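Participant: Structure in structure tokens, see below.
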Amino acid sequence: MKDTVAQLNEKRKLLAAKMPDPRTALTGSLMSRMVRCNKPGCRHCQKGGKGHGPIWILSVSQGQGRVRQIPIPLHLKQEVEEGLERFAAIQSLLQQIGEVNQQLLQERKRQ
Ligand SMILES: [Zn+2]
């Protein structure tokens, strides 16, 4: 069964009401990596050792295949994760609102 205009309007209203504050939305993706200090005799970096870390890197695409890597200190990691989650949540809601508006447009053409 197709949604009516009233149902679509209600759906759109609920989606918009769920929209989080965008001020802390953050782009990029958070990755971790181990690093080697190359100090002689370091037991973490010896053959078979895993190295130090993990360290956290925010990887940001800058277009044309270029990627900027921003090291993230541990005390900022949670804030970065929350910013990335917020961006994804806003993007998902915006996508859903856009789809509802497409359906509304179709309904309005029919009237
Ligand atoms: Zn080391």
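Participant: Within 12 Å, Cβ to Cβ, of Ile55, how many net charges do the neighbouring residues add up to if Lys/Arg are +1 and Asp/Glu are -1?
Facilitator: So the surrounding residues net to +3.
Participant: I would also like to ask the following. Report, in debye and to the nearest 20, how large the dipole of the chain comes out about its Cα centre when Lys and Arg carry +1 and Asp and Glu carry -1 on their Cβ.
Facilitator: 500 debye
Participant: Another one. For the chain, list the cysteines whose Cβ sits under 4.7 Å from no other cysteine Cβ?
Facilitator: Taking the Cβ cut-off of 4.7 Å, the unpaired cysteines of the chain are Cys37.
Participant: Which FRET efficiency, nearest 0.05, do Val5 and Ser59 yield, Cβ-Cβ r, R0 41 Å?
Facilitator: The calculated FRET efficiency here is 0.45.
Participant: Tell me, what are the semi-axes, in whole angstrom and largest first, of the equivalent ellipsoid of the stretch 15-65 as set by the roots of 5 times the Cα gyration tensor eigenvalues?
Facilitator: On the way: eigenvalues 297, 38, 12 Å².
After diagonalising the Cα gyration tensor, the semi-axes are 39, 14, 8 Å.
Participant: Assuming 0.36 nm per residue, please report the length gained on full extension of the stretch Gln95 to Lys39 beyond their Cα-Cα distance.
Facilitator: Full extension from Gln95 to Lys39 adds 15.2 nm.
Participant: Now a separate question. Give the accessible surface of the chain per residue, rounded to a whole number of Å², with probe radius 1.4 Å and ligands, DNA and RNA excluded.
Facilitator: Per residue, the chain has 79 Å² of solvent-accessible surface.
Participant: Roll a 1.4 angstrom probe over the protein heavy atoms and tell me the percent of accessible area of the chain that is carbon or sulfur.
Facilitator: 53 percent
Participant: Still on this structure, please answer the following. I need the peptides 46-53, 95-102 ranked by packing, meaning the mean over residues of other C-beta atoms within 10 angstrom, with the highest value on top.
Facilitator: The densest-packed peptide leads the list: 95-102, 46-53.
Participant: Continuing with this model, one more query. Between the helical axis of 5-17 and the dominant principal axis of the chain, each derived from Cα atoms, what acute angle in degrees is found, rounded to the nearest 10?
Facilitator: Between the helix axis and the principal axis of the chain, the angle is about 30 degrees.
Participant: Need the C-alpha centroid separation for the stretch 63-111 versus the stretch 1-48, integer Å.
Facilitator: 9 Å
Participant: Taking the radius of gyration and the Kirkwood hydrodynamic radius from Cα positions alone, what is the Rg/Rh ratio for the chain, to two decimal places? Don't jump to the answer; show the numbers that get you there.
Facilitator: Numbers: Rg = 22.5 Å, Rh = 17.8 Å.
When Rh is taken as the Kirkwood radius, the ratio is 1.27.
Participant: Okay, moving on. Can you tell me which of Arg12, Arg23, Arg86 moves the most in a GNM of the chain? Springs connect C-alpha atoms under 10 Å apart.
Facilitator: Arg23
Participant: What number comes out for the charge environment of Gly98, summing +1 per Lys or Arg and -1 per Asp or Glu over other residues with Cβ under 13 Å away?
Facilitator: My count for the surroundings of Gly98 gives +1.
The values are calculated or read from the model by the stated rules, or taken from the named source; none is laboratory data. Values in this document were obtained by computation on a predicted structure and should not be read as measured data. In this analysis, Cβ positions are derived from the backbone assuming ideal geometry, glycine residues included, and neighbour counts consider all displayed protein chains. To get the accessible areas, we keep the full protein, side chains included, count just its heavy atoms, and leave off ligands, DNA and RNA. Shrake-Rupley method; radii C 1.70, N 1.55, O 1.52, S 1.80 Å.
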